[in-house]
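Notes follow the structure.
The values are calculated or read from the model by the stated rules, or taken from the named source; none is laboratory data. Treat the numbers as computed from the prediction; the structure is a model and nothing was measured. Backbone-built Cβ (ideal geometry, glycine too); neighbour counts: all protein chains shown.
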Amino acid sequence: MDRSEIAKLAQLARIEISSSTVDEVAKSIGDVLALVDQLQAADTEGVAPMAHPLDAVQTLRADVVSESDQRELFQSIAPAAEQGLYLVPKVIE
Amino acid sequence: MEWETVIGLEVHVQLATNSKIFSGASTAYGAAPNTQACAIDLALPGTLPSPNEQAFRYAIMFGLAIDAEIGKRSVFERKNYFYPDLPKGYQTTQLESPIVGRGHVEILLADGSSKSIRIHHAHLEEDAGKSLHEDFHGMSGIDLNRAGTPLIEIVSEPDMRNSAEAVAFARKLHSIVTSLGICDGEMSQGSMRFDVNVSVRPKGSEEFGTRTETKNLNSFKFMEEAIALEVERQIELIEDGGKVIQETRLYNGDTRTARSMRSKEEANDYRYFPCPDLLPVVFEDDYIDSIRQQLPELPDARQQRFMDSYKLSAYDADILSADADTARFFEATVAACQDAKLAANWVMGEVSAHLNNDEKSIRDCPVSAEHLAGLINRIKDNTISNKIAKQVFESMWQGECDADTIIEAKGLKQMSDSGELEKIVADVIAANPAMVEDWLAADESKRKKKMGGFMGPIMKATKGQANPGLANQILSKKLNALL
């Protein structure tokens, strides 16, 4: 992993990685990737890809409205709310 | 150079479930902001998704309707991106193993021929919330009521070659999902939204040109306009020596312009991976078969039935059968008046025109099928002429009860008393000697047409109430007597 790849990952994950720690982070991720390489060397011919570690299937719920309005409660812990809306820093693409 | 347009569609369809795809919050449209956004929809820590069976059932119904293979084992994936209307930081969707596989949809073209549009797949996913960018002290307002509403995203192959085909395909999808009852079809409320992929290539070329994607079109009209605009832009660009860039564009229906959605960030990288919170969803053949057996009548079958049992043309049958509510209204009208031809003309004519004009859907039609049939019955038994019928219909539209009451109250009954009509016709002939001379001097072949000229004054004298057939008969007799 080079510095530009780390910068791109940080951007995608919206986390800040200070320039003094970039090399350390690059090494840590590099170690993980080395482990992935080792895993990928295993012969998986004829093995179906696994979507979930549990050998079980999803149970489904009936289509019934079971939630009541708890807006007051939820918005009491929100940093900012107005007219029933959660307020966030302006984002327009 | 002659250019060929290539169009593919991605269509988001909101499923008409009561509750959300992963939570028990209501999906009802129009509620006060965030009153239908529960802890799961808000992605509060510790919450887990609880999938709604009905969303799967609806998606399978769609798959069966387009003759697609059903994903018996479907898997959810996380599509990661940051936006305030997506509190989890990822959209739960499907990528590798969608619920609906390859299928096809038949569309009717203007020349009467049909064309098959291939569906690549359709997958289940959750809708996002809504951002309101009006100014809240420099901040954006977020309403998460829509977050978690179940969607199927239908992805077509690039099989359409002009905007008319794309619109026909979009209308057909609308017709299928409303007939199935899996979507309310209310486009103005965002129940169906279209992303259009457009490219151009020299006619005869096998290779595709670079495509652009115009996102979030919510009406057939906007879709048609956006495609026309984009095709023109791409051709001009290439003919001027430029190159089309693969990009996402936004169309503004009010200004009829489009712009590139420039993103300062690098190209999207969604880093899909299987969602660890959800197990694979598995359906047995029995389950799918039981859904197949309960499928309601589909638009193609209904169109054929309308042609067979009501003797309608393919075109009329297509229009009347496309929308399930319109089809129901038409059939209820026919049942009550026993005249399919007149019922078809009225539903496609006055009813449709009035609905368009008032921007109403047939479900909110102020004139019921029974009342329309009552009006048609009075045309059939010659109580009123077609012209007067339109006047009566107008009154019915304004909320004035049934046809019989209106005809009675306003004295609109057709004048079918031959004695009374004889006198009026005689008066009209006497009052228009020039027209009579003209008629006498005309060729035999032109007399019939010229005779029509007398009908205006006759209708005027009877306030439009003369029985046209009878008046014509009397007029013909009287004029011929002058020869």
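Considering only segment B:80-93, how many residues are within 11 Å of chain A (Cβ to nearest Cβ) and within 27 Å of B:G63 (Cα to Cα)?
1
Name the one entry in B:H104, B:H133, B:H120 that is over 22 Å from the mean Cα position of the chain (by Cα), more than 14 Å from chain A (Cβ to nearest Cβ) and part of a strand (DSSP E or B).
The conditions single out B:H120.
Using the structure shown, decide if A:L35 is on the phi < 0 side of the Ramachandran plot and in contact with an Asp or Glu (Cβ under 8 Å, 6 or more places away or on another chain).
no
Is it true that A:A7 is of a type in the set (A, V, I, L, M, F, W, C), surrounded by fewer than 11 Cβ atoms within 10 Å (Cβ to Cβ) and within 12 Å of chain B (Cβ to nearest Cβ)?
Criteria not met by A:A7.
I'm checking my understanding of the structure. Among residues of segment A:11-38 that are at pLDDT 90 or above and under 20 Å from B:Y81 (Cα atoms), which one is surrounded by the most Cβ atoms within 10 Å (Cβ to Cβ)?
A:I17
Of all the residues that make up segment B:310-369, how many are in contact with a Lys or Arg (Cβ under 7 Å, 6 or more places away or on another chain) and under 24 Å from B:S113 (Cβ atoms)?
Total satisfying the criteria: 3.
Among B:I429, B:I424, which is outside any loop (DSSP other than H, G, I, E, B), closer than 26 Å to B:K380 by Cβ and either modelled with pLDDT of 85 or more or not assigned by TED's automatic domain parsing to the domain that holds B:S476 (or both)?
After ruling out the rest, the residue left standing is B:I424.
Restricting attention to segment B:8-39, and to residues there that are among the small types (G, A, S), part of a loop (DSSP other than H, G, I, E, B) and more than 8 Å from every other protein chain (Cβ to nearest Cβ), which single residue is surrounded by the fewest Cβ atoms within 10 Å (Cβ to Cβ)?
Just the residues of segment B:8-39 that are among the small types (G, A, S), to begin with: B:8, B:16, B:19, B:23-26, B:28, B:30-32, B:37, B:39.
Still in the running and part of a loop (DSSP other than H, G, I, E, B): B:16, B:23-25, B:28, B:30-32, B:37, B:39.
Then drop every residue that is not more than 8 Å from every other protein chain (Cβ to nearest Cβ), which leaves B:16, B:28, B:30-31.
On the way: B:A16: 21, B:A28: 12, B:G30: 6, B:A31: 16.
Of everything passing the filter in segment B:8-39, B:G30 is surrounded by the fewest Cβ atoms within 10 Å (Cβ to Cβ).
Being aromatic (F, W, Y) and either in contact with a Lys or Arg (Cβ under 8 Å, 6 or more places away or on another chain) or surrounded by fewer than 18 Cβ atoms within 10 Å (Cβ to Cβ) (or both), is that true of even one residue in segment B:48-68?
No.
Just give me the residues in segment A:39-84 being at pLDDT 95 or above and either part of a helix (DSSP H, G or I) or among the aromatic types (F, W, Y) (or both), in sequence order.
A:R71, A:E72, A:L73, A:F74, A:Q75, A:S76 - these are the residues of segment A:39-84 that are at pLDDT 95 or above and either part of a helix (DSSP H, G or I) or among the aromatic types (F, W, Y) (or both).
Quick check on my filter: what residues within segment B:52-79 are within 9 Å of another protein chain (Cβ to nearest Cβ) and either farther than 13 Å from B:T93 by Cβ or free of Cβ contacts under 8 Å to residues at least 40 places away in the same chain (or both)?
Within segment B:52-79, B:N52, B:E53, B:Q54, B:F56, B:R57, B:R73 meet the criteria.
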